[in-house]
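Q: Could you have a look at this structure, given as structure tokens, before my questions?
The values are calculated or read from the model by the stated rules, or taken from the named source; none is laboratory data. Fair warning: this is a prediction, and the values are worked out from it, not measured in the lab. Here the Cβ positions follow ideal geometry from the backbone for every residue, glycine too, while neighbour counts run over all protein chains shown. Surface areas here come from the heavy atoms of the whole protein model, side chains and all, with no ligands, DNA or RNA. Shrake-Rupley method; radii C 1.70, N 1.55, O 1.52, S 1.80 Å.
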Amino acid sequence: MPFFLTLAAASAVGFLFLKGKVPGGVMVGALVGTVVLNIGTGLACMPAAARTAAQITAGAFIGASIRRSDVRRMPKLAKPAAILLCSMLILNLVLGVIIHATSGLDWMTSFFCAVPGGMSDTPIIAAEMGADGAAVAFMQFFRLLGGVGAFPAIILMATRHEEPAERSMPLEEDAAPNASAPSVSATAAVAAVCGIAGKLSGIPVGTLIFSMTGTAALGLSTGRAAIPMYLKRTAQVLSGAYIGSSIGLQELLDLRYLILPVCLLVAAYLFNCFFVSALLHRFCGMTRREAMLVATPAGATDMALISGDLGISSLDLNVLQIIRMITVVSIFPQIIRLTVMLI
């Protein structure tokens, strides 16, 4: 009974936040609904299997978004990708040290608070690796809020004198896979088998990495990998509910110590946006507006929508965001783990 009550509370508030267009609304709402239930009744409960299911679905969604045209384009974007990822990794590690010093959080949590990943993926990966998922979710929410709320207006103001030069889109761009029942079933089966294999492998974040890799292989070889949005929403609800069920009143009050780290986090990523965009503009021939959008730490889907609003239609932007997303969920956690072990 507590499980279904928790699921109902998480789903209801997640739906309200989604309709209210809150950034990361489903997961944030699920987390809020579960926390309210937990503080009010103490009945919030989510099994560890929910975390595994969320990771499998998140990995499948990322893998299914990779198309052949993206893979063909990736080698040509090696220089901008290297600039983007190296700068974000350095910033991630530096901010982790600063967050640890200003908040008292443990090293693992501090580094994950600064990861430039997705709101849905990062907290559940952090929890998998022993970090404080609640603190990570809190910090990631405000990073995302800045990325989709404040950064686009700042970018538009900073590049207001620049003519929005649209970059060419390949004519052979792959169509989105048809989310038919057989395709969805095949994708779910591959993701589940690979995800469970990844969990059994003992590799950190192996569940998500194996699920993502298996789904990507299915999509690239057959063109039939498809995960409908409702499954991603389900994973977001499970992630939010799993993290929220561990938060009581004291844990909630402790989040007030993260106000300063949040301000530093958003300010640092804004500075990085200007710095990296200058490098991409000079060495990779991108317009300043496109380069700033590439360096904005929001989700790949969010940036695709925002770029259209700002007059930029660029496959390079979309591919670079996908490269960032894949790297952040697969490689950054391993680097963080190694760094914490060496400290």
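Q: Compute the length gained on full extension between Leu5 and Val71: take 0.36 nm times their separation in residues and subtract their Cα-Cα distance, giving the result in nm to one decimal.
A: In short, 19.5 nm is gained.
Q: Can you pull the percent of Cα pairs in the chain with separation above 29 Å?
A: Within the chain, distances greater than 29 Å cover 37 percent of Cα pairs.
Q: Would you mind calculating the gained length between Gln250 and Arg282 on full extension (0.36 nm times residue separation, minus the Cα-Cα distance), in nm to one decimal?
A: Between Gln250 and Arg282, full extension yields an extra 6.6 nm.
Q: How high is the FRET efficiency between Val94 and Ser185 when r is their beta carbon distance and R₀ equals 51 Å, given to the nearest 0.05?
A: Plugging the Cβ-Cβ distance into 1/(1 + (r/R0)^6) gives 0.70.
Q: Okay, moving on. Can you list the lysines whose alpha carbon sits under 18 Å from that of Lys21, skipping same-chain ones fewer than 8 residues off?
A: Cross-link targets: Lys232.
Q: Estimate the FRET efficiency between Leu220 and Leu310 by the formula 1/(1 + (r/R0)^6), using the beta-carbon distance for r and 30 Å for R0, to the nearest 0.05.
A: Calculated value: 0.50.
Q: Can you put Tyr269, Tyr242 in order of accessible area, largest first, using a 1.4 Å probe?
A: I get Tyr242, Tyr269, largest accessible area first.
Q: Relative contact order for the chain: what percent, with Cα pairs under 8 Å and sequence separation of 6 or more?
A: Normalised by residue count, the contact order of the chain is 30 percent.
Q: Size of segment 1-133 along its principal axes in angstrom, Cα-based, largest extent first?
A: 53, 41, 29
Q: So what is the 222 nm mean residue ellipticity for the chain from helices alone, if each DSSP H run of at least 4 adds -39500 (n - 2.57) and you divide by all residues, rounding to the nearest 500 deg cm²/dmol?
A: Roughly -23500 deg cm²/dmol at 222 nm, from the helical runs in the chain.
Q: Between Ile343 and Tyr257, what's the calculated FRET efficiency when r is the beta-carbon distance and R0 is 22 Å? Round to 0.05.
A: Working: r = 21 Å, r/R0 = 0.95.
FRET efficiency, Ile343 to Tyr257: 0.60.
Q: Quick one: order Val13, Val36 from most to least accessible surface, probe 1.4 Å. Don't skip to the end; give the middle numbers.
A: Details: Val13 35, Val36 95 Å².
If we order Val13, Val36 from most to least accessible, we get Val36, Val13.
Q: Report ³J(HN,Hα) in whole Hz for each residue of segment 210-223, in order, from the Karplus equation J = 6.51 cos²θ - 1.76 cosθ + 1.60 where θ = phi - 60°; Gly and Pro get x.
A: Each residue of segment 210-223 in turn: 5, 4, 4, 5, x, 5, 4, 4, 4, x, 6, 8, 10, x Hz.
Q: By how many nm would the segment from Tyr230 to Asp106 lengthen if fully extended, with 0.36 nm per residue of separation less the alpha-carbon distance?
A: Contour length minus the Cα-Cα distance gives 41.2 nm.
Q: Rg over Rh of segment 21-84, using C-alpha atoms and the Kirkwood radius, what does it come to?
A: Ratio of gyration radius to Kirkwood radius: 1.21.
Q: Another question, if that's okay. Using θ = phi - 60° and the Karplus curve 6.51 cos²θ - 1.76 cosθ + 1.60, what whole-Hz ³J(HN,Hα) does each residue of segment 318-332 get, with Gly and Pro shown as x?
A: 5, 5, 5, 5, 5, 4, 4, 4, 5, 5, 5, 7, 10, 9, 4
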